[in-house]
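Trainee: Questions regarding the structure given below will be posed in turn.
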Amino acid sequence: MAGRRAARRTALVLLYQWDVTGQQLASLYDGEIDPFSQELAEAVVDEHEQLDGRITEAADDWTADRLGALERNILRMAILELDRGEVPPEVAIDEAVSLAKRYSSEDAGRLVNGILGRIVKEAA
């Protein structure tokens, strides 16, 4: 799981840069990129409008564009992983919360947990 954890961090860095700068994702690759990181980041970019809609639906009185770029991209990645069903929902949520706490704050971790929990509950 450490390999996927590191790959998620790489994907998050790429997505953050893409979101903040507006540059093409491919122009942000520096050297060899883990295939999982690249595929995850590219899938998020391809589906970001739909993912943002789901974030907005699940967030109380917030829209995806009002969230910080880190939190927004953590949520995008987690929702994509939840949809794919390749990891149990608990793992996708835990990984997302860990990223939010590590790179943002405890409050961001709670926000990410709450939004993802609502999405999982509504999907059940």
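The values are calculated or read from the model by the stated rules, or taken from the named source; none is laboratory data. Every value quoted in this text rests on a predicted model; they were computed, and no experiment measured them. FYI the Cβ positions are ideal-geometry reconstructions off the backbone, even for glycines, and counts take in every protein chain you see. With ligands, DNA and RNA removed, areas are computed over all heavy atoms of the protein, side chains included. Shrake-Rupley method; radii C 1.70, N 1.55, O 1.52, S 1.80 Å.
Trainee: Being within 21 Å of E106 (Cβ to Cβ) and not aliphatic (A, V, I, L, M) is the filter here, so list the residues in the stretch 41-75 that pass it.
Mentor: D60, D61, W62, R66, G68, E71, R72, N73 - these are the residues of the stretch 41-75 that are within 21 Å of E106 (Cβ to Cβ) and not aliphatic (A, V, I, L, M).
Trainee: What pairs come out if I take residues in the stretch 60-85 that are on the phi < 0 side of the Ramachandran plot and pair them with residues that are assigned to a loop (DSSP other than H, G, I, E, B) and open to solvent by 30 Å² or more (accessible area, probe 1.4 Å) whose C-beta lies under 9 Å away, six or more apart or interchain?
Mentor: G68/S104; L70/S104; E71/S104; I74/S104
Trainee: Please list, ordered by first then second residue, the pairs with beta carbon atoms under 6 Å, 6 or more apart or interchain, first in the stretch 1-17 and under 16 Å from P35 (Cβ atoms), second basic (K, R) and modelled with pLDDT of 95 or more.
Mentor: Short answer, once both residue conditions are applied: none.
Trainee: I'd like the residue in the stretch 95-112 that is open to solvent by 80 Å² or more (accessible area, probe 1.4 Å) and out of contact with any Phe, Trp or Tyr (no Cβ under 9 Å at 6 or more places or on another chain) and, out of all such residues, is farthest from T56 (Cα to Cα). First the steps, then the outcome.
Mentor: Residues of the stretch 95-112 that are open to solvent by 80 Å² or more (accessible area, probe 1.4 Å), as a first pass: 101-103, 106-107, 110.
Narrowing further to those that are out of contact with any Phe, Trp or Tyr (no Cβ under 9 Å at 6 or more places or on another chain): 101-102, 106-107, 110.
Values: K101: 21, R102: 23, E106: 21, D107: 18, R110: 16 Å.
Within the stretch 95-112, the match that is farthest from T56 (Cα to Cα) is R102.
Trainee: Does E42 count as farther than 21 Å from S98 by Cα, modelled with pLDDT of 95 or more and of a type outside the set (S, T, N, Q)? Walk me through how you get there before you give the answer.
Mentor: Working: farther than 21 Å from S98 by Cα: yes; modelled with pLDDT of 95 or more: yes; of a type outside the set (S, T, N, Q): yes.
Taking the combined requirement at face value, the residue satisfies it.
Trainee: Suppose the filter is at pLDDT 95 or above, under 21 Å from R5 (Cα atoms) and among the β-branched types (V, I, T); does I74 pass it? Steps first, answer last, please.
Mentor: Values: at pLDDT 95 or above: yes; under 21 Å from R5 (Cα atoms): yes; among the β-branched types (V, I, T): yes.
Judged against the criteria, I74 is a match.
Trainee: Something else about it: Counting only residues that are under 22 Å from G3 (Cα atoms) and open to solvent by 60 Å² or more (accessible area, probe 1.4 Å), how many does the stretch 17-30 have?
Mentor: At the first step, the residues of the stretch 17-30 found to be under 22 Å from G3 (Cα atoms) are 17, 25-26, 28-30.
Okay, now just the ones that are also open to solvent by 60 Å² or more (accessible area, probe 1.4 Å), so 17, 26, 30.
Selection size over the stretch 17-30: 3.
Here is a yes/no grid of residues against (1) farther than 23 Å from A123 by Cβ; (2) open to solvent by less than 20 Å² (accessible area, probe 1.4 Å); (3) of a type outside the set (K, R):
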{"residue": "R8", "(1), (2), (3)": "no, yes, no"}
{"residue": "L15", "(1), (2), (3)": "no, yes, yes"}
{"residue": "I33", "(1), (2), (3)": "yes, no, yes"}
{"residue": "Q38", "(1), (2), (3)": "yes, no, yes"}
{"residue": "D52", "(1), (2), (3)": "no, no, yes"}
{"residue": "D60", "(1), (2), (3)": "no, no, yes"}
{"residue": "T63", "(1), (2), (3)": "no, no, yes"}
{"residue": "L67", "(1), (2), (3)": "no, yes, yes"}
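Trainee: Here is a follow-up. When residues of the stretch 28-63 are filtered for being among the charged types (D, E, K, R) and not in a loop (DSSP other than H, G, I, E, B), how many remain? Lay out the reasoning, then the answer.
Mentor: Quick first cut of the stretch 28-63, residues among the charged types (D, E, K, R) only: 30, 32, 34, 39, 42, 46-47, 49, 52, 54, 57, 60-61.
With the extra rule that they be not in a loop (DSSP other than H, G, I, E, B), the set shrinks to 39, 42, 46-47, 49, 52, 54, 57.
Qualifying residue count for the region: 8.
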